[in-house]
Amino acid sequence: MLFFFRIVMFTYLHHSDPTIPHYRKAEWSFLRGAAATVDRPLLGWCGRFFFHNISHDHVAHHFFIKAPFYNGPQITKAIKTVLKDDYNYDSTPTWYALYRSFTQCLFVEEEGNIIFYKNRHGVAARELARGAVKKIHESGWNGDVQDSSIEFPKLD
């Protein structure tokens, strides 16, 4: 039972953070979705060893789903050079991070295509800049075009 609790906790902590955006269909792309997670050093070296780098190198796991776990550290190093400031890493102690996510990630608004979790007072830890989506689209971004250049692995 304790093992399953840890798996659920790890999954929740990698995908539920008040600073990570969530994309609705109009703004989602594979690359945006893959980057919308966070690396956390959960349980230190024990987590790295017993859970095969999945916590420490979770962003790499999202970008390269078929890569062997032992390549995670090298992939993460490469991803950091590409994403730079957009790479998500949080070294907050596990139990505090869990408490923060439970209290700050309660709901998202119905409106908007790029949204952030809000707390019980309706306050988000991060907001999208006014006009940001319009600027992104004016610059030529298109999720369908972006994803069309990616060869997705066939899942057997």
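The values are calculated or read from the model by the stated rules, or taken from the named source; none is laboratory data. A quick note: this is a predicted structure, and the numbers were derived from the prediction, not measured. Quick reminder, even Gly has a Cβ in these numbers, built from the backbone with ideal geometry, and neighbours come from all protein chains shown. For accessibility, only protein heavy atoms count, side chains too; no ligands or nucleic acids. Shrake-Rupley method; radii C 1.70, N 1.55, O 1.52, S 1.80 Å.
For the reader, a short list of remarks on this structure follows.
- Mean separation of Cα contacts under 8 Å, 6 or more apart, over the residue count of the chain: relative contact order %: 27 percent
- Normalised size of region 54-156, defined as Cα radius of gyration per 2.2 N^0.38 Å with N residues, equals 1.33.
- Whole-Hz ³J(HN,Hα) from phi, Karplus 6.51 cos²θ - 1.76 cosθ + 1.60, for region 130-142, glycine and proline x: 4, x, 5, 5, 4, 4, 4, 5, 5, 6, x, 5, 8
- Using the Cβ-Cβ distance between Trp28 and Ala132 with R0 = 22 Å, the FRET efficiency computed as 1/(1 + (r/R0)^6) comes to roughly 0.90.
- Rolling a 1.4 Å probe over the protein heavy atoms of the chain, with every protein chain left in place, gives an accessible area that is 60 percent carbon and sulfur.
- Extended-chain gain in nm, criterion 0.36 nm per residue less alpha-carbon gap, Ile7 and Thr19: 2.2 nm
- When you filter the trypsin sites (Lys or Arg not before Pro) in region 3-85 for DSSP loop state and at most 16 other Cβ atoms inside 10 Å of their Cβ, you are left with Arg24, Lys25, Lys66.
- Estimated [θ] at 222 nm from DSSP helical runs (n ≥ 4, -39500 (n - 2.57)) normalised by residues in the chain, nearest 500: -12500 deg cm²/dmol
- Fraction in percent of alpha-carbon pairs per bin - 10 Å, region 1-113: 13, 44, 34, 8, 0
- Rel. contact order, % - alpha carbon contacts under 8 angstrom, at least six apart, region 1-65: 30 percent
- Rounded accessible area per residue of region 5-156, 1.4 Å, Å²: 65 Å²
- Net charge, Pro41 excluded, C-beta distance under 13 Å - Lys, Arg +1, Asp, Glu -1: -1
- Proximal lysines to Lys77, defined as alpha-carbon separation beneath 25 angstrom and excluding residues fewer than eight positions away on the same chain: Lys66
- Around Gln104: net Lys/Arg minus Asp/Glu count, Cβ-Cβ under 11 Å: +3
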